[in-house]
1. Restricting to Cα pairs below 8 Å that are 6+ residues apart, what does the relative contact order work out to for the stretch B:290-414? Please round to a whole percent.
2. For B:Ala133, enumerate residues with amide H under 5 Å from its amide H, sequence gap 5+ or separate chain, H modeled in the peptide plane.
3. Quick one: which residues, 5 or more positions from B:Thr223 or on another chain, have an amide H under 5 Å from its amide H? H modelled 1.01 Å from N in the peptide plane, none for Pro or chain starts.
4. If you place +1 on the Cβ of every Lys and Arg, -1 on the Cβ of every Asp and Glu, and leave all else neutral, what size is the dipole of the stretch B:185-344 about its Cα centre, to the nearest 20 Debye?
5. How much of the accessible area of chain B, probe 1.4 Å, is carbon plus sulfur, in whole percent?
6. Residue by residue through A:174-181, how many Cβ atoms from other chains fall within 10 Å of the Cβ on average?
7. Filter the trypsin sites (Lys or Arg not before Pro) in the stretch A:205-236 down to the DSSP loop ones having no more than 10 other Cβ atoms within 10 Å, then list what survives.
8. Run the reach check for A:Lys183 against lysines, Cα to Cα strictly under 22 Å, same-chain hits fewer than 8 apart removed. What comes back?
Amino acid sequence: MRVALMVTCVNDAMFPGTGQAVVRLLRRLGVDVDFPQAQTCCGQPMVNTGYLDEAVPAVRSFVRAFEGYDAVVTPSGSCAGSARHQHRLVAERSGDPGLAAAVAETSPRTYELSEFLVDVLGVTDVGAYFPHSVTYHPTCHSLRMLGVGDRPRRLLERVRGLRLVDLPKAEECCGFGGTFALKNADTSVAMGSDKARHVRETGAEVLVAGDNSCLMHIGGVLGRGRAGVRVLHLAEILASTEEQPA
Amino acid sequence: MTGTFVGMPAFPSAARAALADTQLRHNLAHATGVIRGKRAAVVGEVDNWEELRLAGAAVKERALLALDTQLVRLEESLTAHGAVVHWARDAEEANRIVVGLARAHEVDEVVKVKSMLTQEIGLNEALEAAGIAAWETDLAELIVQLGGDLPSHILVPAIHRNRAEIREIFARRMGEVGRPAPADLTDEPAVLAGAAREHLREKFLRARMAVSGANFAVADTGTLVVVESEGNGRMCLTLPEVLVSIVGIEKVVPTWAELDPLLRLLPRSSTGERMNPYTSTWSGITPGDGPQEVHVVLLDNGRTRALADEVGRQALRCIRCSACLNVCPVYERTGGHAYGSVYPGPIGAILNPLLRGTGDPQTDALPYASSLCGACFEACPVRIDIPEVLVHLRSQVVDGHREDRVPKPEAVAFRGAGWAFGDARRLDRAERLSSLAGRLLRRRGRTSLGRLPGPGSAWTDARDLPAPPTESFRDWWRRTDGGERP
């Protein structure tokens, strides 16, 4: 099986450790993972702000970069959701039937990490070791746009040493929302502060989620409040071992 | 908060003021939390909720796609039952019709059963200008009216008020407009409701004309339907001599049988009840019983504009249950006034631009008043994909500015991003700059950025932002061959 990593623009530029963790994890599970250098961004920042024309080049480079792979794996529920639900819109807008055909081909082969592990590889025990208390935030797009359900939890429950603590109001949005965080900064911060308070209430050492952009926001609020809670992407915990801890 | 919605500031600044009101935030979080819990419990009781949602959506969709013929059928049925049907293109026409009817009957006051549509068109103000007093008879509407206030929720218009404030409003204002509140008024809910009942009873018994809205209008039987909790609606619909119902053209349902899923979806989604206490239906005139003159004003006011929008059209399926408000994390923190409309929350964020069209700063801000978390779509009983419509309307806002002589900084930024994302080599160069900044910062021992100037300050005023890494993932992959080389 030819598997490509779609690292996402945010992870590429800001959180390379998450991409490295996915590579380590997939190799450990026997997957030969490739990183197509032509990839850029899924286009979601443009689409969600209303700049549909501006998203066309990103979608074009997406389908070009991942053409011919059996599966495209990404450590982001939001970007997987964008590929699956928004690329068609952008392609229609471009008026290019070739792009629409390529999107129809690529979209269904694009998987968020936990979907790929559970549905395609059929594993829940990935052989990870992480001896800490962890609370899990199900990000909105993973939860509602993709419907990843309890897959991330099932993966976390099989991590040796890990103690999973329930997050109050877990399913409520953290307030990131892409450009919402800037356009409606006050509301975004109010939502983030409530989320951060719930995270602190759990007493967990680590907050985990499947999207670094949400974590950057919640972590940013926690950091300003000097909460001392560590923020980690799901991939980093799943990649963690006794020899190479996260 | 007094006065009118017109001229409200755009959402971000209106929200900022609301967020600073800690009492308001507490009231909202508590109230929406309670309704959310009740709704979840009664929705959970229904085995085939998803099928019911699909059925409800299908009924409304069928009506909308054949709206012209359904409306003509409705007019025929109503007329056959002795009602007089009026057509109104906009607020001005509708108000003129109602004021004309009130003048013809020489009334100086009317009682009203909660109708959002009359608030949408400013009917009370139009009547007042003609010297006619309009009395709201729904408890929450009465609180809002006496307080010189605006509604902030579809179902609970006075959600932003607490008991002490309501007591104060009743004590101060009831006497000025009718029967005063009792001298020993407390802020006990039962005592407040009792005072409202006494105050309103006088109005019901005196009024010769009533104005109502309708939740549904059945085309084949010519039946209007009002669903309510307090019984005030039934008083308005039965006691006065003249009844005027103002109905948005999207309220039409083809057949009586098709009300079934809608009447099951609405109370559970709205009040979290299995069934609402009062469902009133009326078809024209019954000689010797109830109002002997019935008028129905069918109003467009932007609805055909919304209907013509293929993506936005689904918003007209809305049955005004307010489930989307109660689950919306943005609404929960800002309240309804920030939306600058009688339709607040997620549905308001799409309905207002669809009805009025994009193009003014207040309306254009509404599609952005959402984090696109999708909770509204999940809760909507008629499956309106609100996030989809929000993104669609955002693109209309952006497209409306494509010909601007001086583009907005945001547009310039997105054009730049679009260009960079079109080619990995361009993105790579941008990332080189970012990792250079990261190296410089980390050399000075900084792991997060300080407060940024310009637009970046919107992030860093209240949140840390991590310093960029010293090497992008792309560079790491190239340098180590994906981790194969150290």
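1. Details: 140 pairs, mean separation 31.3, N = 125.
Once normalised by length, the contact order is 25 percent.
2. HN-HN under 5 Å from B:Ala133: B:Glu109, B:Val110.
3. Those qualifying (amide H under 5 Å, at least 5 residues apart or on another chain) are B:Val218.
4. Numbers: 16 positive and 18 negative charges, 35 e Å.
It works out to roughly 160 debye.
5. Numbers: 11090 of 20370 Å².
The computed percentage sits at 54.
6. Working: counts 3, 5, 3, 7, 2, 6, 7, 4.
Partner-chain Cβ atoms within 10 Å, mean over residues of A:174-181: 5.
7. Numbers: sites: A:Arg224, A:Arg226, A:Arg230; in loops: A:Arg226.
Answer by residue number: A:Arg226.
8. Hits, sequence-local ones excluded: A:Lys195, B:Lys408.
The values are calculated or read from the model by the stated rules, or taken from the named source; none is laboratory data. It should be emphasised that the depicted structure is a prediction, and the values quoted were computed from it without experimental measurement. No Cβ is skipped: glycine too gets one built from the backbone with ideal geometry, and neighbour counts run over all protein chains shown. Ligands, DNA and RNA are stripped out before the accessible areas are found, and what is left, the full protein with its side chains, is counted by its heavy atoms. Shrake-Rupley method; radii C 1.70, N 1.55, O 1.52, S 1.80 Å.
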